[in-house]
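As structure tokens, the structure follows; a few thoughts come after it.
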Amino acid sequence: CKKYTKSSYGFKFEGELSMDRLNHFMTSLLRLRAQDLFRTKGVLNVAGPPEMQKFVFQGVHEQIQLGPAIKQWGENEKRINKFVFIGQNLPPRDYLLKKLKECSATSDIGGSYFPVYNPEDHEKGQHDDH
């Protein structure tokens, strides 16, 4: 009998995200963990023209909707990326945050690098329950 560990993680951090990098990471995460991700949602600060920088997403399992926010960032609004993951047997919190930050548009990890979810990157059984 497999033991399931339910978790919910919330992340907030500043910086512009690369849509290509984020899409690549989320696709690889969903490919392997779609049934474990009950709900995902967030607000994203994406690199690009000012009228297309604020995006929102929400999802249930592998069905994720992503698009520009109806109201873009205000002139004095702090541009913070916000992510919520709710599920079971999720990767460790620190691992997910590291991978999300690797989706930065200004990351020095190289323009051709795309973060991927690899379950062997972290030790099995390290789950952070909240």
Calculate the spin-label point distance for VAL116 paired with ASP20, positioning each point 7 Å from the Cα along the beta-carbon direction, and give it in nanometres. 1.7
Hey, any idea what % of the chain's accessible area is carbon plus sulfur with a 1.4 Å probe? 51
Solvent exposure of the stretch 38-95 as accessible area per residue, Å², 1.4 Å probe: 57
Enter the angle in degrees (range 0 to 90, nearest 10) between the Cα long axis of helix 19-33 and the first principal axis of the Cα atoms of the chain, meaning the one along which they spread out most. 20
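Could you sort the peptides 36-43, 66-73 by per-residue average Cβ neighbour count (10 Å cutoff), highest mean leading? Intermediate results must be reported in sequence, preceding the final value.
Values: 36-43: 17.9, 66-73: 12.2.
Ranked from most to least packed, the peptides come out as 36-43, 66-73.
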What residue among PHE57, ILE80, PRO68 has its Cα farthest toward the positive end of the dipole of the chain, where the charges are +1 on Lys, Arg and -1 on Asp, Glu, each on the Cβ? PHE57
Under unit Cβ charges (Lys, Arg +1; Asp, Glu -1), what dipole magnitude, rounded to 20 debye, does the chain have relative to its Cα centre? 460
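Compute the signed sum of charges (Lys and Arg +1, Asp and Glu -1) over the other residues within less than 15 Å, Cβ to Cβ, of GLU75.
Working: positive: LYS54, LYS71, LYS78, ARG79; negative: GLU51, GLU77.
Within the 15 Å Cβ shell, the charges total +2.
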Let me check I've understood the local charge: for GLY10, count other residues with C-beta under 11 angstrom from its C-beta, Lys and Arg +1, Asp and Glu -1. What total comes out? +4
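The values are calculated or read from the model by the stated rules, or taken from the named source; none is laboratory data. Remember, predicted model here, so these are calculated numbers, not experimental data. In this analysis, Cβ positions are derived from the backbone assuming ideal geometry, glycine residues included, and neighbour counts consider all displayed protein chains. The protein model used for the area step is the full one, side chains on, heavy atoms only, and it has no ligands, DNA or RNA in it. Shrake-Rupley method; radii C 1.70, N 1.55, O 1.52, S 1.80 Å.
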